[in-house]
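All remarks here apply to the structure that follows.
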Amino acid sequence: MYAIVVGGGKVGYYLARELIQGNNEVLVIEKDGAKCERIAQDLGDVVLKGDGCEAATMEVAGFGRADMVIAVTGDDEDNLVSCQVAKVKFAVPRTIARINNPKNEAIFRKLGIDTTVSATAAILSQIEQELPEHPLMRLLTFKGGGLEIVEVKVPPASAVVGRRIRDVLLPQQSIIVLLVGQDGTPRVPTSDTTIQAEDEVLAVTPTENEETLRNILTSPPGGSEPGSSDPGYGRPGPAGPYEPYR
Amino acid sequence: MPVDGSQASLDALALSCSLARKTKNTIYAVYVIEVARTMPLDAEMTAEAERGEQVLSRAERIAESLDYEVSGELLQARDIGDAIVDEAVERGVSTIVLGVGHQETLAEFELGETAQYVLKNAPCQVMLLRSAIEE
């Protein structure tokens, strides 16, 4: 695999080192000459001095044959530009961007970046997991983007407590794949499985339906669960998203 | 002993043969094909490889005319300087002999990137032969 790492800071350096150890072809693009020298000394001829946002540098770096572009500079805008140009101009199959400000995550996704990694958001999620009520946590984004695995804790006051999965109206293409009870016991759900208070719900959902899923699983009765006429939602019962459980 | 077909590199080869005859050292002539990042390192570079073979044959003929033998090697690398230093380390050579032309940019003498890299990074001794300034 040919992986291009944009940014030769600590993250870029260690990432490149691990990828090289995994017998991958790697190129690090870095603006700073001193950093370039350090990387070249430690890792060999795997560094290109230049701006990873410039099309000319991208051309020389061989973005056109890259299997993956990973932008890990300390600047969200640079990471966005590198990944977006890689995707649009060079049709790189997979782009991964480091995000420093979690608020930028939505725009990265809208602009087609396959995967985003935010250290800030990761630390926040670890802290939030300890809190009695924590929002939805994104655990994994599938290759190609679009679908992700999320975790939602069901509060005792949620409208879905005591209801069978088949009776809960989930967003389209959203599937509950695992429930973990308060005592830590995992349950593989069927359409007849009842959701209980404090359950950790692991679900696969399209990125755009993430917020709706969270609302459905956490809102109190009379909250924001949508009606079946909403085009973004599946229908319960045999034709609904839980058909595979039967 | 890197050779690129230039007169400077072939002059340096001739010098190496003269010097090595006294010490009976082995001479390795190396031609490096620089592969752009737009292609994989092991890409088939037929035209460049042919040119490299021609340059190495020429180097061997020059050595023979001086009653010496060189062993030629064709390499593919991302960077010529890096490849020369790596090859020198791998073969444990005692000296790299480089031939450079007289280059001027904006009336300033300039040593090429490859020569600078080798001078800076080669662990062995490096001899540099600069061609005479052309009138």
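Values quoted throughout were computed directly from the atomic coordinates according to the rules given, and no laboratory measurement underlies them. All values derive from a computational prediction rather than experimental measurement. Please note: Cβ atoms are built from the backbone with ideal geometry, for glycine as well, and neighbour counts cover all protein chains shown.
General observations
- As a rough footprinting exposure proxy, the listed residues A:VAL69, A:VAL47 were ranked by other beta carbons within 10 Å of their own, and the order from fewest upward is A:VAL47, A:VAL69.
- A Förster radius of 35 Å, combined with the Cβ-Cβ distance separating A:ILE20 from B:THR23, puts the computed FRET efficiency at roughly 0.35.
- Our helix-only sum for chain A, with -39,500 (n - 2.57) per DSSP H run of n ≥ 4 divided by its residues, gives a mean residue ellipticity at 222 nm of -8000 deg cm²/dmol.
- Alpha carbon centroid spacing (whole Å) that separates segment A:31-90 from segment B:58-81: 35
- With the simple model of a label 7 Å out from the Cα in the direction of the Cβ, B:MET127 to B:GLU113 spans 2.8 nm.
- Listed residues B:GLY72, B:SER16, B:THR38: farthest to the positive end of the dipole of the protein assembly as shown (Cβ charges): B:THR38
- Rounded to the nearest 20 debye, the dipole size of segment B:7-130 about its Cα centre is 500 debye, using +1 on the Cβ of Lys and Arg and -1 on the Cβ of Asp and Glu.
- If R0 is taken as 56 Å, the Cβ-Cβ distance between A:ALA197 and A:VAL88 corresponds to a FRET efficiency of 0.75.
- Among the residues of A:59-66, the average count of other protein chain beta-carbon atoms within 10 Å of the residue beta-carbon is 3.
- Beta bridges assigned by DSSP with both partners in segment B:7-130 are antiparallel in approximately 20 percent of cases.
- Its DSSP H runs of at least 4 residues, each contributing -39,500 (n - 2.57), put the calculated 222 nm mean residue ellipticity of chain B at -14000 deg cm²/dmol, to the nearest 500.
- Calculated FRET value between B:GLU53 and A:ILE127, using beta carbons and R₀ = 51 Å, to 0.05: 0.20
- Electrostatic tally near A:GLY52: other residues with Cβ closer than 11 Å to its Cβ, Lys and Arg +1, Asp and Glu -1, net -3.
- Chain A - share of DSSP beta bridges that are antiparallel (%, nearest 5): 50
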